[in-house]
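Structure first, then comments.
FYI, it's all coordinate maths here, none of it is from the lab. Bear in mind the structure is a predicted one, so any value in this text is a computation, not a measurement. Note: ideal-geometry Cβ built from the backbone for every residue, glycine included; neighbour counts use all protein chains shown.
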Amino acid sequence: MARRPAGPSPRDGGRRGRMNAAVGAIAPDAATSPKAPAPKPASPADPNLVLMGEFGRAHGLTGEVRLKSYTSDPRAIATYGALLTADGRSLTLAEVRPAPGTSPDMLIARVKGVSGRTAAEALNRVALYIPRDRLAAPEDEDEVYAADLIGATAVDEAGTVIGTIVAVPNYGGGDLLELRPPNGGATALLPFTKAFVPVLDMAQRRVTVAAPEDLFAPPGEKPADDPG
């Protein structure tokens, strides 16, 4: 499974479980789709803080803001109470709902004390954290916090560095690892499954991947008869 199912207690802290299927419902080209680098939010000074979500652009005029959730049940992020920012602020989500579109981890959020579009725009790229001791430990070897994957090194079976994990997105077909090549440049996506990620070594902040040779190759030109 790619995400732990919602249960009586949604406090899962963004655990990720690798699927046994090779790609599942992911589109065939999803594993090799390069993406332009995105700016990174500020990182907290405390290494014991776990990333729970990240605000995006303002939504509408009343203070709502887009929020990318890293919890397995995306809306569970609103159940943790006060969330911390890298600069030491404490923010509480008053309400969340699914955002329009096909990405299940994208929400529309209302933050306590934030009203009006200008205040919401000030939250863009602000990341939200909680102390690790508020989270339960993963229950088996195939579960891992998304925050622990981000920043980990991806290597091939020979130990050669393939890239660095910069995000763990989900567009509806299962979790993906977004990898940035060692020398920088556009990132690419790899399904977070046992077939593509056979070994997890979180103690060493390293994962072993079975990546296609053209993982970071730019997309080719569309055929003339392609309707897209």
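Taking one quarter of the surface of the convex hull spanned by the alpha-carbon atoms of region 96-185 gives a direction-averaged projected area of 9.1 nm². Stretching Met202 away from Asn48 to a fully extended chain increases their span by 54.0 nm, per 0.36 nm per residue minus the current alpha-carbon distance. Relative to the 2.2 N^0.38 Å rule of thumb, region 70-228 has a C-alpha radius of gyration ratio of 1.21. The residues neighbouring Thr208, those whose beta-carbon lies less than 10 Å from its own, together hold a net charge of -2 under the Lys/Arg +1, Asp/Glu -1 convention. Take the Kirkwood radius over Cα pairs of region 49-134, plug it into Stokes-Einstein at 25 °C and 0.890 mPa s, and you get 195 µm²/s for translational diffusion.
Across the alpha-carbon atoms of region 118-159, the computed radius of gyration and Dmax are 16.0, 50 angstrom.
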